[in-house]
(Lines give C-alpha, C1' and ligand atoms only; values in the text may rest on other atoms or scores of the structure.)
Protein backbone atom coordinates (compact mmCIF):
# COMPACT_ATOMS: atom_id res chain seq x y z
CA UNK A 1 0.00 0.00 0.00
CA UNK A 2 1.49 3.33 -1.00
CA UNK A 3 1.67 6.17 1.47
CA UNK A 4 -0.57 8.24 -0.78
CA UNK A 5 -3.52 5.90 -0.47
CA UNK A 6 -6.48 6.72 1.73
CA UNK A 7 -8.76 4.18 3.36
CA UNK A 8 -12.41 5.21 3.27
CA UNK A 9 -15.27 3.34 4.93
CA UNK A 10 -18.85 3.79 3.75
CA UNK A 11 -21.42 3.46 6.52
CA UNK A 12 -25.09 4.24 6.85
CA UNK A 13 -28.56 2.93 7.58
CA UNK A 14 -29.82 0.06 5.45
CA UNK A 15 -31.33 1.27 2.17
CA UNK A 16 -29.61 4.62 2.05
CA UNK A 17 -27.95 3.86 -1.28
CA UNK A 18 -24.52 3.07 0.17
CA UNK A 19 -23.83 0.25 -2.22
CA UNK A 20 -25.01 2.26 -5.23
CA UNK A 21 -22.64 5.01 -4.16
CA UNK A 22 -19.89 2.46 -3.72
CA UNK A 23 -20.41 1.15 -7.24
CA UNK A 24 -20.56 4.70 -8.56
CA UNK A 25 -17.19 5.48 -6.94
CA UNK A 26 -15.38 2.31 -7.87
CA UNK A 27 -17.12 1.71 -11.18
CA UNK A 28 -18.07 -1.76 -10.03
CA UNK A 29 -14.42 -2.75 -9.69
CA UNK A 30 -14.78 -4.47 -6.40
CA UNK A 31 -13.60 -7.42 -4.45
CA UNK A 32 -16.32 -9.31 -2.66
CA UNK A 33 -15.45 -11.42 0.31
CA UNK A 34 -17.16 -12.75 3.39
CA UNK A 35 -16.44 -11.89 6.95
CA UNK A 36 -15.48 -15.04 8.76
CA UNK A 37 -18.17 -16.75 10.80
CA UNK A 38 -21.18 -14.90 9.44
CA UNK A 39 -22.35 -14.63 5.88
CA UNK A 40 -21.88 -10.97 5.36
CA UNK A 41 -20.22 -9.63 2.29
CA UNK A 42 -17.26 -7.41 2.60
CA UNK A 43 -16.89 -5.28 -0.47
CA UNK A 44 -13.74 -3.40 -1.15
CA UNK A 45 -12.87 -1.35 -4.20
CA UNK A 46 -10.32 1.24 -5.19
CA UNK A 47 -10.18 4.10 -7.57
CA UNK A 48 -7.75 6.82 -8.46
CA UNK A 49 -8.93 10.31 -7.67
CA UNK A 50 -8.23 13.19 -10.10
CA UNK A 51 -5.27 14.22 -7.93
CA UNK A 52 -3.68 10.83 -8.52
CA UNK A 53 -4.31 9.62 -4.98
CA UNK A 54 -5.48 6.03 -4.67
CA UNK A 55 -8.65 5.71 -2.60
CA UNK A 56 -9.51 2.36 -1.05
CA UNK A 57 -13.19 2.10 -0.31
CA UNK A 58 -14.78 -0.37 2.05
CA UNK A 59 -18.54 -0.88 1.89
CA UNK A 60 -19.81 -1.85 5.34
CA UNK A 61 -23.15 -3.53 6.10
CA UNK A 62 -26.16 -1.26 6.61
CA UNK A 63 -26.64 -0.38 10.28
CA UNK A 64 -29.33 1.38 12.28
CA UNK A 65 -27.21 1.84 15.36
CA UNK A 66 -24.09 0.61 17.11
CA UNK A 67 -25.95 -1.45 19.66
CA UNK A 68 -25.23 -4.52 17.66
CA UNK A 69 -28.47 -6.45 17.61
CA UNK A 70 -27.35 -8.15 14.42
CA UNK A 71 -23.99 -9.47 13.23
CA UNK A 72 -23.88 -6.77 10.52
CA UNK A 73 -23.93 -4.03 13.11
CA UNK A 74 -21.32 -5.67 15.29
CA UNK A 75 -18.93 -5.85 12.34
CA UNK A 76 -19.55 -2.29 11.26
CA UNK A 77 -18.80 -1.03 14.73
CA UNK A 78 -15.71 -3.18 15.12
CA UNK A 79 -14.28 -2.06 11.79
CA UNK A 80 -14.88 1.63 12.46
CA UNK A 81 -13.26 1.39 15.89
CA UNK A 82 -10.36 -0.62 14.52
CA UNK A 83 -11.30 -3.65 16.61
CA UNK A 84 -11.88 -6.01 13.73
CA UNK A 85 -8.89 -8.35 13.38
CA UNK A 86 -7.02 -7.89 10.12
CA UNK A 87 -8.86 -4.69 9.20
CA UNK A 88 -7.00 -1.39 9.49
CA UNK A 89 -8.81 1.63 10.93
CA UNK A 90 -10.26 3.70 8.07
CA UNK A 91 -8.68 7.12 7.54
CA UNK A 92 -12.02 8.65 6.70
CA UNK A 93 -15.60 7.63 7.35
CA UNK A 94 -18.16 8.58 4.71
CA UNK A 95 -21.54 8.40 6.39
CA UNK A 96 -24.31 8.04 3.82
CA UNK A 97 -27.79 9.27 4.73
CA UNK A 98 -31.03 9.17 2.77
CA UNK A 99 -32.00 12.82 2.41
CA UNK A 100 -35.66 11.86 2.24
CA UNK A 101 -35.47 10.16 5.61
CA UNK A 102 -33.13 12.32 7.64
CA UNK A 103 -35.09 11.97 10.86
CA UNK A 104 -34.02 8.35 11.06
CA UNK A 105 -30.64 8.58 9.36
CA UNK A 106 -29.23 11.63 11.15
CA UNK A 107 -29.36 9.79 14.44
CA UNK A 108 -26.87 7.28 13.13
CA UNK A 109 -24.73 10.10 11.72
CA UNK A 110 -24.54 11.57 15.21
CA UNK A 111 -23.74 8.17 16.64
CA UNK A 112 -20.86 7.72 14.20
CA UNK A 113 -19.69 11.24 14.99
CA UNK A 114 -19.27 10.28 18.63
CA UNK A 115 -16.53 7.84 17.64
CA UNK A 116 -14.37 10.90 17.09
CA UNK A 117 -13.09 9.86 13.65
CA UNK A 118 -12.68 12.12 10.62
CA UNK A 119 -15.91 11.92 8.64
CA UNK A 120 -17.92 13.32 5.76
CA UNK A 121 -21.69 13.18 5.46
CA UNK A 122 -23.09 12.29 2.04
CA UNK A 123 -26.71 13.33 1.66
CA UNK A 124 -27.89 10.75 -0.84
CA UNK A 125 -31.09 10.67 -2.90
CA UNK A 126 -31.09 14.45 -3.09
CA UNK A 127 -33.08 14.27 -6.33
CA UNK A 128 -35.91 12.39 -4.61
CA UNK A 129 -35.84 14.85 -1.72
CA UNK A 130 -36.20 17.79 -4.11
CA UNK A 131 -39.02 16.05 -5.95
CA UNK A 132 -40.88 15.72 -2.68
CA UNK A 133 -40.44 19.42 -2.12
CA UNK A 134 -37.94 19.09 0.73
CA UNK A 135 -35.52 21.94 1.17
CA UNK A 136 -32.33 21.14 3.10
CA UNK A 137 -30.05 23.92 4.23
CA UNK A 138 -26.75 22.13 3.64
CA UNK A 139 -24.54 24.98 4.88
CA UNK A 140 -26.43 25.18 8.16
CA UNK A 141 -26.33 21.41 8.55
CA UNK A 142 -22.58 21.47 7.90
CA UNK A 143 -22.08 24.14 10.51
CA UNK A 144 -24.21 22.43 13.15
CA UNK A 145 -22.77 18.98 12.59
CA UNK A 146 -19.22 20.28 12.38
CA UNK A 147 -18.38 18.06 9.43
CA UNK A 148 -18.38 18.50 5.65
CA UNK A 149 -21.73 17.69 4.03
CA UNK A 150 -22.01 16.87 0.32
CA UNK A 151 -25.04 16.11 -1.84
CA UNK A 152 -25.04 12.95 -3.93
CA UNK A 153 -27.36 11.10 -6.28
CA UNK A 154 -25.88 7.62 -6.30
CA UNK A 155 -28.08 6.24 -9.05
CA UNK A 156 -27.19 8.97 -11.54
CA UNK A 157 -24.02 9.08 -13.60
CA UNK A 158 -21.72 11.69 -12.10
CA UNK A 159 -23.94 11.90 -9.03
CA UNK A 160 -20.96 11.40 -6.73
CA UNK A 161 -18.74 14.17 -8.18
CA UNK A 162 -19.11 16.39 -5.13
CA UNK A 163 -18.18 13.52 -2.83
CA UNK A 164 -15.12 12.59 -4.90
CA UNK A 165 -13.95 16.20 -4.87
CA UNK A 166 -14.43 16.34 -1.09
CA UNK A 167 -12.64 13.12 -0.16
CA UNK A 168 -9.84 14.00 -2.56
CA UNK A 169 -9.15 17.14 -0.56
CA UNK A 170 -7.58 17.19 2.89
CA UNK A 171 -8.99 14.91 5.54
CA UNK A 172 -11.36 16.88 7.79
CA UNK A 173 -10.48 17.16 11.43
CA UNK A 174 -12.47 14.99 13.76
CA UNK A 175 -14.67 16.09 16.59
CA UNK A 176 -13.54 14.71 19.94
CA UNK A 177 -14.89 11.28 20.83
CA UNK A 178 -17.83 11.25 23.22
CA UNK A 179 -18.90 8.63 25.73
CA UNK A 180 -21.64 6.19 24.77
CA UNK A 181 -24.26 5.81 27.50
CA UNK A 182 -28.03 5.66 27.86
CA UNK A 183 -28.46 9.35 28.67
CA UNK A 184 -26.54 10.55 25.63
CA UNK A 185 -28.39 8.00 23.52
CA UNK A 186 -31.76 9.56 24.31
CA UNK A 187 -30.10 12.91 23.80
CA UNK A 188 -29.31 11.99 20.18
CA UNK A 189 -32.98 12.13 19.30
CA UNK A 190 -33.31 15.57 20.79
CA UNK A 191 -30.30 16.71 18.77
CA UNK A 192 -31.79 15.21 15.60
CA UNK A 193 -35.03 17.09 16.18
CA UNK A 194 -33.18 20.34 16.70
CA UNK A 195 -31.09 19.75 13.57
CA UNK A 196 -34.14 18.98 11.48
CA UNK A 197 -36.04 21.98 12.76
CA UNK A 198 -33.12 24.24 11.89
CA UNK A 199 -32.17 22.84 8.49
CA UNK A 200 -35.04 21.03 6.80
CA UNK A 201 -38.35 22.28 5.49
CA UNK A 202 -40.71 19.47 4.62
CA UNK A 203 -43.98 20.08 2.83
CA UNK A 204 -45.81 16.95 3.93
CA UNK A 205 -44.92 13.93 6.03
CA UNK A 206 -45.23 11.25 3.39
CA UNK A 207 -46.03 11.30 -0.28
CA UNK A 208 -49.77 11.14 -0.88
CA UNK A 209 -49.20 8.40 -3.46
CA UNK A 210 -47.68 6.13 -0.82
CA UNK A 211 -50.72 6.60 1.39
CA UNK A 212 -53.13 5.75 -1.39
CA UNK A 213 -51.13 2.69 -2.47
CA UNK A 214 -50.81 1.40 1.07
CA UNK A 215 -54.53 1.75 1.63
CA UNK A 216 -55.03 -0.89 -1.06
CA UNK A 217 -51.84 -2.92 -0.81
CA UNK A 218 -52.23 -3.41 2.95
CA UNK A 219 -56.00 -3.78 3.04
CA UNK A 220 -56.94 -6.94 5.02
CA UNK A 221 -58.99 -8.34 2.11
CA UNK A 222 -57.84 -6.57 -1.06
CA UNK A 223 -54.22 -6.63 0.10
CA UNK A 224 -54.25 -10.42 0.37
CA UNK A 225 -56.11 -10.70 -2.95
CA UNK A 226 -53.54 -8.45 -4.64
CA UNK A 227 -50.74 -10.53 -3.12
CA UNK A 228 -52.30 -13.74 -4.42
CA UNK A 229 -52.70 -12.26 -7.91
CA UNK A 230 -49.14 -10.92 -7.93
CA UNK A 231 -47.71 -14.26 -6.85
CA UNK A 232 -49.84 -16.11 -9.41
CA UNK A 233 -48.69 -13.81 -12.22
CA UNK A 234 -45.05 -14.12 -11.18
CA UNK A 235 -45.09 -17.90 -11.18
CA UNK A 236 -47.10 -18.07 -14.40
CA UNK A 237 -44.69 -15.64 -16.04
CA UNK A 238 -41.74 -17.77 -14.97
CA UNK A 239 -43.07 -20.63 -17.05
CA UNK A 240 -44.66 -18.58 -19.83
CA UNK A 241 -41.46 -16.65 -20.43
CA UNK A 242 -38.92 -19.23 -19.30
CA UNK A 243 -40.25 -22.35 -21.01
CA UNK A 244 -39.76 -21.24 -24.65
CA UNK A 245 -36.23 -20.14 -23.81
CA UNK A 246 -35.55 -23.41 -22.01
CA UNK A 247 -36.81 -25.36 -25.00
CA UNK A 248 -34.75 -23.26 -27.38
CA UNK A 249 -31.61 -23.85 -25.33
CA UNK A 250 -32.29 -27.59 -25.12
CA UNK A 251 -32.95 -27.87 -28.85
CA UNK A 252 -30.01 -25.64 -29.68
CA UNK A 253 -27.59 -27.79 -27.74
CA UNK A 254 -29.11 -30.96 -29.19
CA UNK A 255 -28.66 -29.62 -32.70
CA UNK A 256 -25.11 -28.47 -31.96
CA UNK A 257 -24.20 -31.84 -30.47
CA UNK A 258 -25.55 -33.74 -33.43
CA UNK A 259 -23.74 -31.55 -35.92
CA UNK A 260 -20.47 -31.97 -34.12
CA UNK A 261 -21.01 -35.69 -33.70
CA UNK A 262 -21.67 -36.23 -37.41
CA UNK A 263 -17.94 -35.82 -37.92
CA UNK A 264 -17.16 -38.43 -35.28
CA UNK A 265 -17.24 -42.19 -35.73
CA UNK A 266 -20.10 -43.94 -33.98
CA UNK A 267 -19.06 -45.26 -30.61
CA UNK A 268 -18.49 -44.28 -27.01
CA UNK A 269 -16.84 -40.96 -27.94
CA UNK A 270 -19.78 -39.83 -30.06
CA UNK A 271 -22.20 -40.87 -27.36
CA UNK A 272 -20.21 -38.91 -24.79
CA UNK A 273 -20.28 -35.77 -26.92
CA UNK A 274 -23.92 -35.95 -27.97
CA UNK A 275 -25.61 -37.28 -24.85
CA UNK A 276 -23.14 -36.44 -22.14
CA UNK A 277 -21.62 -33.11 -23.05
CA UNK A 278 -24.28 -31.37 -25.13
CA UNK A 279 -27.33 -33.16 -23.75
CA UNK A 280 -26.12 -32.50 -20.20
CA UNK A 281 -25.20 -28.89 -20.87
CA UNK A 282 -28.55 -28.28 -22.57
CA UNK A 283 -30.42 -29.65 -19.57
CA UNK A 284 -28.42 -27.75 -16.98
CA UNK A 285 -28.30 -24.41 -18.80
CA UNK A 286 -31.96 -24.89 -19.65
CA UNK A 287 -32.87 -24.00 -16.05
CA UNK A 288 -31.24 -20.64 -16.40
CA UNK A 289 -34.11 -18.75 -18.11
CA UNK A 290 -36.63 -19.77 -15.45
CA UNK A 291 -34.28 -18.78 -12.64
CA UNK A 292 -33.43 -15.48 -14.35
CA UNK A 293 -37.08 -14.62 -14.96
CA UNK A 294 -37.95 -15.33 -11.33
CA UNK A 295 -35.02 -13.25 -10.10
CA UNK A 296 -36.11 -10.45 -12.38
CA UNK A 297 -39.57 -10.42 -10.80
CA UNK A 298 -38.18 -10.64 -7.29
CA UNK A 299 -35.95 -7.66 -8.11
CA UNK A 300 -38.92 -5.69 -9.46
CA UNK A 301 -40.98 -6.51 -6.36
CA UNK A 302 -38.12 -5.60 -4.08
CA UNK A 303 -37.28 -2.32 -5.80
CA UNK A 304 -40.92 -1.28 -5.87
CA UNK A 305 -41.14 -1.75 -2.12
CA UNK A 306 -43.83 -4.38 -2.44
CA UNK A 307 -41.92 -7.15 -0.69
CA UNK A 308 -41.88 -5.52 2.75
CA UNK A 309 -45.64 -5.06 2.36
CA UNK A 310 -46.05 -8.71 1.47
CA UNK A 311 -44.01 -9.56 4.56
CA UNK A 312 -46.36 -7.36 6.60
CA UNK A 313 -49.44 -9.15 5.24
CA UNK A 314 -47.98 -12.60 5.79
CA UNK A 315 -46.31 -12.13 9.16
CA UNK A 316 -49.10 -13.63 11.21
CA UNK A 317 -49.38 -16.68 8.96
CA UNK A 318 -45.64 -17.21 8.96
CA UNK A 319 -45.60 -16.79 12.75
CA UNK A 320 -48.06 -19.65 13.12
CA UNK A 321 -45.52 -22.00 11.53
CA UNK A 322 -42.64 -20.61 13.56
CA UNK A 323 -41.29 -18.26 10.93
CA UNK A 324 -41.50 -14.48 10.55
CA UNK A 325 -42.90 -12.21 7.84
CA UNK A 326 -39.33 -11.45 6.92
CA UNK A 327 -38.86 -15.10 5.91
CA UNK A 328 -41.22 -14.52 3.01
CA UNK A 329 -38.61 -12.85 0.81
CA UNK A 330 -35.87 -15.48 1.26
CA UNK A 331 -38.41 -18.27 0.87
CA UNK A 332 -39.75 -16.72 -2.32
CA UNK A 333 -36.24 -16.45 -3.77
CA UNK A 334 -35.71 -20.06 -2.81
CA UNK A 335 -38.20 -20.98 -5.51
CA UNK A 336 -35.56 -19.73 -7.93
CA UNK A 337 -32.61 -21.07 -6.02
CA UNK A 338 -32.06 -21.78 -2.34
CA UNK A 339 -28.58 -20.24 -2.26
CA UNK A 340 -29.55 -16.56 -2.75
CA UNK A 341 -32.55 -17.31 -0.53
CA UNK A 342 -30.27 -18.39 2.30
CA UNK A 343 -28.00 -15.41 1.66
CA UNK A 344 -31.05 -13.15 1.93
CA UNK A 345 -31.87 -14.40 5.43
CA UNK A 346 -29.21 -12.14 6.89
CA UNK A 347 -31.74 -9.32 7.10
CA UNK A 348 -33.58 -11.35 9.77
CA UNK A 349 -32.27 -10.15 13.10
CA UNK A 350 -33.44 -12.85 15.44
CA UNK A 351 -30.89 -15.70 15.27
CA UNK A 352 -33.58 -18.32 15.85
CA UNK A 353 -35.82 -16.95 13.08
CA UNK A 354 -32.81 -16.72 10.80
CA UNK A 355 -31.82 -20.33 11.41
CA UNK A 356 -35.38 -21.63 10.90
CA UNK A 357 -35.65 -19.77 7.61
CA UNK A 358 -32.27 -21.11 6.48
CA UNK A 359 -33.39 -24.65 7.30
CA UNK A 360 -36.74 -24.24 5.54
CA UNK A 361 -35.37 -22.52 2.42
CA UNK A 362 -33.89 -25.69 0.84
CA UNK A 363 -37.30 -27.35 1.14
CA UNK A 364 -38.85 -24.88 -1.27
CA UNK A 365 -39.21 -26.30 -4.73
CA UNK A 366 -36.50 -24.62 -6.73
CA UNK A 367 -36.94 -24.89 -10.46
CA UNK A 368 -33.90 -27.13 -10.86
CA UNK A 369 -35.82 -29.74 -8.91
CA UNK A 370 -38.71 -30.05 -11.38
CA UNK A 371 -36.97 -32.57 -13.66
CA UNK A 372 -36.13 -34.66 -10.59
CA UNK A 373 -39.81 -34.71 -9.64
CA UNK A 374 -40.75 -35.66 -13.18
CA UNK A 375 -38.32 -38.56 -13.04
CA UNK A 376 -39.57 -39.79 -9.66
CA UNK A 377 -43.22 -39.50 -10.68
CA UNK A 378 -42.52 -41.50 -13.83
CA UNK A 379 -40.69 -44.15 -11.83
CA UNK A 380 -43.20 -44.61 -9.04
CA UNK A 381 -46.65 -43.70 -10.33
CA UNK A 382 -47.81 -46.17 -12.99
CA UNK A 383 -49.50 -44.96 -16.15
CA UNK A 384 -53.29 -45.16 -16.38
CA UNK A 385 -53.14 -47.82 -19.08
CA UNK A 386 -51.36 -50.32 -16.87
CA UNK A 387 -53.74 -52.83 -15.32
CA UNK A 388 -55.04 -51.84 -11.96
CA UNK A 389 -57.21 -54.21 -10.08
CA UNK A 390 -60.58 -52.57 -10.00
CA UNK A 391 -63.90 -53.94 -8.97
CA UNK A 392 -67.05 -52.61 -10.57
CA UNK A 393 -70.52 -53.09 -9.28
CA UNK A 394 -73.38 -53.01 -11.69
CA UNK A 395 -76.86 -53.26 -10.41
CA UNK A 396 -80.54 -52.72 -10.98
CA UNK A 397 -80.59 -48.97 -11.23
CA UNK A 398 -77.58 -48.82 -13.48
CA UNK A 399 -77.82 -51.58 -16.03
CA UNK A 400 -77.02 -49.48 -19.04
CA UNK A 401 -73.37 -48.82 -18.50
CA UNK A 402 -72.27 -52.43 -18.02
CA UNK A 403 -70.34 -52.39 -21.23
CA UNK A 404 -68.67 -49.09 -20.53
CA UNK A 405 -67.87 -50.14 -17.03
CA UNK A 406 -66.45 -53.41 -18.18
CA UNK A 407 -63.50 -51.89 -19.95
CA UNK A 408 -62.19 -50.43 -16.72
CA UNK A 409 -62.86 -53.46 -14.60
CA UNK A 410 -61.15 -56.58 -13.57
CA UNK A 411 -64.24 -57.72 -11.80
CA UNK A 412 -67.86 -57.15 -12.63
CA UNK A 413 -70.08 -57.48 -9.59
CA UNK A 414 -73.84 -57.42 -9.53
CA UNK A 415 -77.02 -59.12 -8.50
CA UNK A 416 -78.40 -59.68 -11.97
CA UNK A 417 -76.51 -62.62 -13.32
CA UNK A 418 -77.95 -62.67 -16.83
CA UNK A 419 -77.33 -58.98 -17.47
CA UNK A 420 -73.80 -59.21 -16.22
CA UNK A 421 -73.05 -62.16 -18.42
CA UNK A 422 -74.61 -60.47 -21.43
CA UNK A 423 -72.52 -57.38 -20.86
CA UNK A 424 -69.47 -59.51 -20.50
CA UNK A 425 -70.16 -61.28 -23.77
CA UNK A 426 -71.02 -58.10 -25.67
CA UNK A 427 -67.93 -56.23 -24.78
CA UNK A 428 -64.70 -57.99 -25.73
CA UNK A 429 -62.73 -55.42 -23.71
CA UNK A 430 -64.11 -56.96 -20.55
CA UNK A 431 -62.43 -60.21 -21.41
CA UNK A 432 -60.49 -61.55 -18.53
CA UNK A 433 -62.65 -59.76 -15.99
CA UNK A 434 -64.16 -61.98 -13.32
CA UNK A 435 -67.89 -61.94 -12.97
CA UNK A 436 -69.14 -62.08 -9.41
CA UNK A 437 -72.80 -62.20 -8.42
CA UNK A 438 -74.47 -61.51 -5.20
CA UNK A 439 -78.04 -61.66 -4.10
CA UNK A 440 -79.63 -58.51 -2.89
CA UNK A 441 -82.40 -59.33 -0.42
CA UNK A 442 -85.21 -56.87 -1.10
CA UNK A 443 -83.31 -55.67 -4.19
CA UNK A 444 -82.07 -52.49 -2.56
CA UNK A 445 -80.16 -51.12 -5.46
CA UNK A 446 -77.10 -49.23 -4.58
CA UNK A 447 -76.46 -51.19 -1.43
CA UNK A 448 -73.71 -53.59 -0.79
CA UNK A 449 -74.79 -56.78 0.97
CA UNK A 450 -72.58 -55.85 3.86
CA UNK A 451 -74.59 -52.65 4.12
CA UNK A 452 -71.85 -50.29 2.89
CA UNK A 453 -72.91 -47.41 0.79
CA UNK A 454 -71.89 -47.90 -2.79
CA UNK A 455 -70.10 -44.96 -4.30
CA UNK A 456 -71.17 -44.08 -7.79
CA UNK A 457 -68.47 -42.22 -9.58
CA UNK A 458 -67.58 -41.26 -13.08
CA UNK A 459 -64.40 -42.90 -14.29
CA UNK A 460 -62.16 -41.15 -16.77
CA UNK A 461 -63.01 -42.09 -20.34
CA UNK A 462 -66.46 -43.50 -19.73
CA UNK A 463 -69.84 -41.85 -19.76
CA UNK A 464 -71.08 -43.61 -16.71
CA UNK A 465 -69.28 -46.03 -14.54
CA UNK A 466 -69.95 -47.62 -11.25
CA UNK A 467 -67.17 -48.07 -8.87
CA UNK A 468 -67.31 -49.75 -5.55
CA UNK A 469 -65.17 -48.39 -2.84
CA UNK A 470 -66.40 -50.72 -0.16
CA UNK A 471 -63.91 -53.42 0.65
CA UNK A 472 -64.57 -57.11 0.84
CA UNK A 473 -65.74 -57.85 -2.68
CA UNK B 1 -51.98 3.88 26.75
CA UNK B 2 -50.01 1.32 24.80
CA UNK B 3 -49.28 1.79 21.10
CA UNK B 4 -50.88 -1.62 20.52
CA UNK B 5 -54.18 -0.26 21.87
CA UNK B 6 -54.15 2.83 19.67
CA UNK B 7 -57.00 2.76 17.16
CA UNK B 8 -56.12 2.89 13.47
CA UNK B 9 -55.58 6.42 12.18
CA UNK B 10 -55.45 8.09 15.60
CA UNK B 11 -52.51 10.40 16.23
CA UNK B 12 -50.50 10.04 19.40
CA UNK B 13 -47.17 11.03 20.89
CA UNK B 14 -44.60 8.55 22.20
CA UNK B 15 -44.14 8.69 25.94
CA UNK B 16 -41.49 6.02 26.51
CA UNK B 17 -40.42 2.49 25.56
CA UNK B 18 -40.49 -0.04 28.39
CA UNK B 19 -38.15 -3.00 28.58
CA UNK B 20 -40.13 -6.22 28.64
CA UNK B 21 -37.22 -7.94 30.37
CA UNK B 22 -33.56 -7.26 31.20
CA UNK B 23 -31.36 -6.28 28.27
CA UNK B 24 -34.39 -6.06 26.00
CA UNK B 25 -32.88 -5.75 22.52
CA UNK B 26 -36.24 -5.08 20.88
CA UNK B 27 -36.93 -2.14 23.19
CA UNK B 28 -33.43 -0.83 22.47
CA UNK B 29 -33.99 -1.20 18.74
CA UNK B 30 -37.32 0.64 18.99
CA UNK B 31 -35.57 3.54 20.72
CA UNK B 32 -32.90 3.58 18.01
CA UNK B 33 -35.56 3.64 15.34
CA UNK B 34 -36.90 6.83 16.80
CA UNK B 35 -39.55 5.76 19.31
CA UNK B 36 -38.52 8.34 21.89
CA UNK B 37 -40.45 10.79 24.01
CA UNK B 38 -42.25 13.48 22.06
CA UNK B 39 -42.24 11.80 18.64
CA UNK B 40 -45.65 11.81 16.95
CA UNK B 41 -46.86 8.34 15.90
CA UNK B 42 -49.84 7.00 14.02
CA UNK B 43 -51.11 3.49 13.29
CA UNK B 44 -51.48 3.43 9.50
CA UNK B 45 -52.68 -0.11 8.87
CA UNK B 46 -53.37 -3.40 10.62
CA UNK B 47 -52.39 -6.87 9.49
CA UNK B 48 -55.10 -9.08 7.97
CA UNK B 49 -55.16 -11.76 10.67
CA UNK B 50 -55.93 -10.75 14.24
CA UNK B 51 -54.96 -7.14 13.40
CA UNK B 52 -51.34 -8.18 13.75
CA UNK B 53 -48.82 -6.74 12.87
CA UNK B 54 -49.37 -3.00 13.05
CA UNK B 55 -47.99 -0.55 10.51
CA UNK B 56 -46.78 2.40 12.52
CA UNK B 57 -45.66 5.67 11.07
CA UNK B 58 -43.15 7.79 12.94
CA UNK B 59 -42.00 10.91 11.11
CA UNK B 60 -41.95 9.89 7.47
CA UNK B 61 -40.88 6.29 8.15
CA UNK B 62 -43.17 3.32 8.44
CA UNK B 63 -42.42 0.30 10.56
CA UNK B 64 -44.29 -2.96 10.91
CA UNK B 65 -44.46 -3.93 14.56
CA UNK B 66 -45.95 -7.03 16.09
CA UNK B 67 -48.48 -6.42 18.84
CA UNK B 68 -46.05 -7.68 21.46
CA UNK B 69 -43.47 -5.18 20.22
CA UNK B 70 -45.91 -2.29 20.02
CA UNK B 71 -47.05 -3.08 23.58
CA UNK B 72 -43.60 -1.98 24.80
CA UNK B 73 -44.32 1.55 23.60
CA UNK B 74 -46.32 3.82 25.82
CA UNK B 75 -48.10 6.67 24.04
CA UNK B 76 -50.28 9.68 24.91
CA UNK B 77 -53.23 10.37 22.67
CA UNK B 78 -53.21 13.90 21.34
CA UNK B 79 -56.24 15.89 22.31
CA UNK B 80 -57.79 17.73 19.41
CA UNK B 81 -56.64 21.35 19.41
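Tabulated data for the structure shown
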quantity: Test: residue A:318 is over 26 Å from residue B:50 (Cβ atoms) and part of a helix (DSSP H, G or I); calculated: no
quantity: Of all residues in region B:9-53 being more than 9 Å from chain A (Cβ to nearest Cβ) and without any contact (Cβ under 8 Å) to a residue 24 or more places away in the chain, the one that is nearest to the chain's Cα centre (by Cα); calculated: B:21
quantity: Selected residue (criterion: farthest from residue B:2 (Cα to Cα)) from residues of region B:41-53 that are part of a strand (DSSP E or B) and modelled with pLDDT under 85; calculated: B:49
quantity: Sole residue being in contact with a strand residue (DSSP E or B) (Cβ under 9 Å, 6 or more places away or on another chain), surrounded by fewer than 22 Cβ atoms within 10 Å (Cβ to Cβ) and more than 21 Å from residue A:15 (Cβ to Cβ), chosen from B:51, B:20, B:70, B:10; calculated: B:10
quantity: Residue that is under 16 Å from residue A:230 (Cβ atoms) and either surrounded by 20 or more Cβ atoms within 10 Å (Cβ to Cβ) or away from chain B (no Cβ under 14 Å) (or both), where the choices are A:287, A:312; calculated: A:312
quantity: Subset of region A:92-138 that is in a strand (DSSP E or B), closer than 11 Å to residue A:152 by Cβ and more than 14 Å from chain B (Cβ to nearest Cβ) - its residue that is farthest from the chain's Cα centre (by Cα); calculated: A:120
quantity: Extreme residue, nearest to the other protein chains (Cβ to nearest Cβ), among residues of region B:54-64 that are surrounded by 19 or more Cβ atoms within 10 Å (Cβ to Cβ) and modelled with pLDDT under 85; calculated: B:59
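The values are calculated or read from the model by the stated rules, or taken from the named source; none is laboratory data. The structure presented is a predicted model; accordingly, all values stated were derived computationally and were not measured. Here Cβ is always computed from backbone atoms with ideal geometry, including for glycine, and neighbour counts include all displayed protein chains.
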